[in-house]
Amino acid sequence: MKNTRHSDLRTILAVTFAAFLMAVNKNTFIDTAGLYPGGVSGLTILLQRLVTMLFHVTPPFTVINVALNLIPIWIGFRFIGKKFTMYSCLMIILNSIFTDLLPDKIITEDILLIAIFGGIIQGFAISVCLNAGATSGGTDFIAIFLSERRGVESFSIILGFNACILCAAGFLFGWDKALYSIILQYVSTGVQRLLYKKFQQSTFFIVTTKPVAVCNAIYNISQHGATVLEGEGSYGHCERNVVYSVVSAAESAQVTRIVREADPEAFINEIKTQRLSGRFYQPKEE
């Protein structure tokens, strides 16, 4: 029970930090250059600017952002996990409030620097949120839902949604800002790929004389099975076994460590899995 409370507190602190960082990034970098971060946040900014252009009144970020997130939130509660979605709701609300309350501040007006560093900050904030067990909302809910159903990397799905937003932004407000927004979103996605690996997989080929111990070690860490192949060492012509297994990339470092403990002499080859088809165990969000 105590560990659960500590875990909840860490998640709340991480979500609060991520929400604050995203709001600072919007008010400092994104608004300065007139860029679009993608996702529901990008759609919210697009609608804000559209209303301002047509009616000369800027609606609050909170109202539009929360309204646009209602359907993704329902998807989260229905298909992903209630606790995960509750933390995500906290992220959405805090990010919206921080965005409306924090003042705008210009650090640089160089649009290329803004696209690069704004993307880095955006990707880092989203990764902090995802690794803590929540999401920044919007298209992230849909991407995670499709990733769990189809086993494809979620970031590719997010890029597809963002492309539609950028096309609308380019048509309405000019293609230069939309094109620079592609740089921002590409950098943000790259940072997320680097820091959040739940929906990425690693393939292990392990040459060992202790296949049973290695297979048990892999299962204890990742809940994934393995296939044992019989082989022969070409130099010493002695019998060797090759353990083949696919695990989540987020667990690959732990798998390497535990396999090394099971067989210190094991030869471990880890390969990034490009595409996976078939049943692959993915733990559900709470």
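Taking 16 Å as the cut-off, the amide N atoms of the range 168-205 that come nearer than this to a point 7 Å along the Cα-to-beta-carbon line of MET53 belong to 168-181. Here is the tail figure for the range 225-281: Cα pairs spaced more than 15 Å apart come to 59 percent of all pairs. Identify, among THR208, LEU102, ASN241, the residue whose Cα sits farthest towards the positive end of the charge dipole of the chain, taking +1 on the Cβ of Lys and Arg and -1 on the Cβ of Asp and Glu, with the dipole about the Cα centre. The listed residue farthest towards the positive side: LEU102.
Note on the chain: percent of Cα-Cα distances in each 10 Å bin, starting at 0 and stopping at the bin with the largest distance, equals 6, 25, 29, 19, 12, 6, 2, 0, 0.
Between GLU270 and PHE77, the distance separating the two model label sites (each 7 Å from Cα on the Cα→Cβ line) works out to 3.9 nm.
If neighbour count is taken as other Cβ atoms inside 10 Å, put ASP100, ASP263 in order from fewest to most.
ASP100, ASP263
Which pairs break 27 Å Cα to Cα here: LYS210/LYS272; LYS83/LYS105; LYS26/LYS197? Mind dumping the intermediate values first?
On the way: LYS210/LYS272 24 Å; LYS83/LYS105 35 Å; LYS26/LYS197 25 Å.
The answer is LYS83/LYS105.
Compute the convex hull volume of the Cα atoms of the range 171-276, divide it by the residue count, and report the result per residue in Å³ as a whole number.
Numbers: hull volume 14.0 nm³, N = 106.
Per-residue hull volume (Cα only) is 132 Å³.
Taking every Cα-Cα distance in the range 1-92 and sorting them into 5 Å bins from zero, the calculated P(r) comes out as 3, 12, 18, 21, 18, 12, 8, 5, 2, 1, 0 percent. Applying 0.36 nm per residue to the separation of LEU101 and HIS237 and subtracting their alpha-carbon distance, the gain on full extension is 41.9 nm. If you find the alpha carbon centre of the range 180-223 and of the range 247-261, how far apart are they in angstrom? Here the answer is 9 Å between Cα centres.
No lab work stands behind these numbers, since they all come straight from the coordinates. In this text, all values refer to a predicted model and were calculated from it rather than measured experimentally. Every residue, glycine among them, receives a Cβ derived from its backbone with ideal geometry; neighbour counts consider all protein chains shown.
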